[in-house]
Amino acid sequence: MGTRELRLPPASSRAAVESYVSRVAPQLPPDVAFATLVPWSSPQRPSRLATPDSAAQGRWDPEGIADLASECTSLLVPCTFETRYEKRLMKKLLEQLEPHRDICVYVLQLLEVAGQITREYVQTVMARHDALLAVGANAVLLDPTDNPDRLLQNLDQERAWFEANALRAKSMVDCNDDYFQSVLDHHHELLWESVPKALMRNFDPIDRNLVETANRVGDYKMTNRFSSRSGKDVLLAERSESEKVVLKVYNKWDHPSAGDLECIYRELRFLRDVLRHPHIARCTDMNHSFSRVYLVFELGGMQNLHQRLLDQPGYRLDLEDAVDCTVQVAGALAYCHSRDIVHRQVCLEHIVVEDQSEAPFCRLVDFYQATRCPEATPLATTCGDLPCIAPEVALDESYVAKPADCWSLGVVLLEAAGGLGSMRQAVGWPEEAELEPTARRIKNFFSGEGSHARALAVMGGVRSEAVLANLSALLEPTPTARASMDAIAQFSA
């Protein structure tokens, strides 16, 4: 499945936006400003107008946005919201305005009705309206009037409604602590007791007698803390001198939604009851207290692959070890994929390494974002991060998860064989890189001839025909053209 390029709205939509702003802006008071989600094309433009720059990705001027927010109380954003370009720019605008709490942002959804209104047209409009509501503006006005008095009246009504709701919420928190606490208690009981009891028969019930101290949980004594990419507490523990395990700690207050519960339950089910593979770290036990869930895993090693590379000369493994590690993880993922389970966060930090006499022994860990996904079923949740996230996942579109896992494993092979940081040095992106533009840059880089060889050699001149062949098969910008995990699990240096 390919990914579409970010594109500007059609010319008719852009013309409608500029026409609306040009008609209405001069008639509104100076504390009302406008923003458009596309660059302004006309040589004449109103004052108090924010627009993105004309670059292909579009960016807002932070100083210009700050000046506008300091002078105005309302910002109007007329748009049709037909493209991902507008969605991305709207999110970025709201992020820029986050520090300026006194300005209200109103999205004006313009309609273009040509001829008879059909059922399909209405459904399209409402889908765009739902998407606008989801971005988080103060209000969305459908088909706004261009009469300035009526428009201002509508804006005043929306602001009054928003402020009343905010005041009501604040009053509930400030003046009725007991009621608010009872709501939280009911939510906790429903989420962590009632739902698991009814729908998750393998989720252990709360043990109200579970011993929790600073260094002990039940039968397990904590001895050390691991570095965790996710920020969760991952602890080395032991039940006896001969049995060392890993405790993954989920604080319930940090996971307040049904989606969080589902992720924890899937990780428990997959790794305790479903998946049995030598290169996947098994979950062996679960402890459940009132405030935390503890998943107990077999110890797969004291280092993850990222840490291992930091300790190596040239920040890379020997080619034979790099290939061996990749084959092991590919075998684990091929096993998962054969059962329609996808990992969705394959990266160096989620591969732990245990030294064996012959070669490193790898296990795949952290199935928090894993899910069941039959062949070719599209997903939309963005999982992962640079450098391992697949371009189609980062570009905020639906994607097929098995090929996305394959891309991520390709990055693992590149970093292990070529050196830690090979992807970034080859493609080139700044320290504080934005995800979507960087993913587009990665996609374009690997579309070029000879790109895989350049990436492999960028840090130390590494060359290997076997590694290069598999990099080319995995780091393929078109997801449907990528190699499967079964194929990668068979290769050797």
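The values are calculated or read from the model by the stated rules, or taken from the named source; none is laboratory data. Quantities reported herein were computed from a predicted structural model and do not represent experimental measurements. Note that we place each Cβ from the backbone using ideal geometry, even for glycine, and neighbour counts take in every protein chain shown. Ligands, DNA and RNA are excluded from the accessible area calculation, which covers all protein heavy atoms including side chains. Shrake-Rupley method; radii C 1.70, N 1.55, O 1.52, S 1.80 Å.
Laid out as a table, the results:
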item: Set A160, A169: member being open to solvent by less than 60 Å² (accessible area, probe 1.4 Å) and modelled with pLDDT under 80; result: A169
item: For P477: the one exception among (1) touching a Gly at 6+ places or on another chain (Cβ under 7 Å); (2) in a loop (DSSP other than H, G, I, E, B); result: (1)
item: Single residue of the range 271-299 satisfying the filter (of a type in the set (K, R) and assigned to a loop (DSSP other than H, G, I, E, B)) that is most open to solvent (accessible area, probe 1.4 Å); result: R276
item: Residue that is modelled with the lowest pLDDT, among those in the range 224-267 that are of a type in the set (F, W, Y) and open to solvent by less than 70 Å² (accessible area, probe 1.4 Å); result: F226
item: Leading residue by the ranking (least open to solvent (accessible area, probe 1.4 Å)) among those in the range 5-46 that are among the hydroxyl-bearing types (S, T, Y) and in a loop (DSSP other than H, G, I, E, B); result: T36
item: Scope the range 300-320; condition within 14 Å of A359 (Cβ to Cβ), charged (D, E, K, R) and surrounded by fewer than 20 Cβ atoms within 10 Å (Cβ to Cβ); matching residues; result: D318, E320
item: Near pairs, Cβ below 7 angstrom, 6+ apart or cross-chain, from the range 91-102 (under 19 Å from V140 (Cβ atoms) and open to solvent by less than 100 Å² (accessible area, probe 1.4 Å)) to any residue that is assigned to a loop (DSSP other than H, G, I, E, B) and not hydrophobic (A, V, I, L, M, F, W, C); result: L94/G136
item: Residue in the range 53-64 that is in contact with a helix residue (DSSP H, G or I) (Cβ under 7 Å, 6 or more places away or on another chain), hydrophobic (A, V, I, L, M, F, W, C) and either open to solvent by 60 Å² or more (accessible area, probe 1.4 Å) or closer than 20 Å to N154 by Cβ (or both) present; result: no
item: Residues of the range 393-411 satisfying the condition of being touching a residue at least 60 places away in the same chain (Cβ under 8 Å), closer than 14 Å to V342 by Cβ and in contact with a Lys or Arg (Cβ under 8 Å, 6 or more places away or on another chain); result: P403, A404, D405, C406, W407
item: Criterion (at pLDDT below 95, open to solvent by less than 30 Å² (accessible area, probe 1.4 Å) and either outside any loop (DSSP other than H, G, I, E, B) or not acidic (D, E) (or both)) met by exactly one of E397, E392; result: E392
item: Subset of the range 103-140 (residues that are in contact (Cβ under 8 Å) with a residue 40 or more places away in the chain, open to solvent by 60 Å² or more (accessible area, probe 1.4 Å) and either part of a loop (DSSP other than H, G, I, E, B) or touching a Leu at 6+ places or on another chain (Cβ under 6 Å) (or both)); result: E112
item: Cross-chain or 6+ apart pairs with Cβ under 7 Å, the range 422-436 first and under 17 Å from C347 (Cβ atoms), then of a type in the set (D, E, K, R) and open to solvent by 30 Å² or more (accessible area, probe 1.4 Å); result: V427/R441; W429/R441
item: Whichever residue in the range 361-377 is in contact with a strand residue (DSSP E or B) (Cβ under 7 Å, 6 or more places away or on another chain) and closer than 17 Å to A330 by Cβ and, among such residues, is most open to solvent (accessible area, probe 1.4 Å); result: F361
item: Residues within the range 211-232 that are touching a residue at least 40 places away in the same chain (Cβ under 8 Å) and more than 26 Å from the chain's Cα centre (by Cα), tallied; result: 4
item: Conditions (1) open to solvent by less than 10 Å² (accessible area, probe 1.4 Å); (2) of a type in the set (D, E, K, R); (3) more than 30 Å from E95 (Cβ to Cβ); number of the one not met by K402; result: (1)
item: Enumeration of residues in the range 233-254 that are without any contact (Cβ under 8 Å) to a residue 24 or more places away in the chain and closer than 28 Å to A198 by Cβ; result: D254
item: Which numbered condition C383 misses (of (1) over 16 Å from the mean Cα position of the chain (by Cα); (2) surrounded by 17 or more Cβ atoms within 10 Å (Cβ to Cβ); (3) in a loop (DSSP other than H, G, I, E, B)); result: (1)
item: Cβ-Cβ under 6 Å pairs, at least 6 apart or on other chains, the range 440-459 side under 28 Å from E397 (Cα atoms), far side β-branched (V, I, T) and surrounded by 18 or more Cβ atoms within 10 Å (Cβ to Cβ); result: R441/V427; I442/V427; F445/V427
item: Selection count where residues are hydroxyl-bearing (S, T, Y) and in contact with a strand residue (DSSP E or B) (Cβ under 7 Å, 6 or more places away or on another chain), scope the range 258-290; result: 2
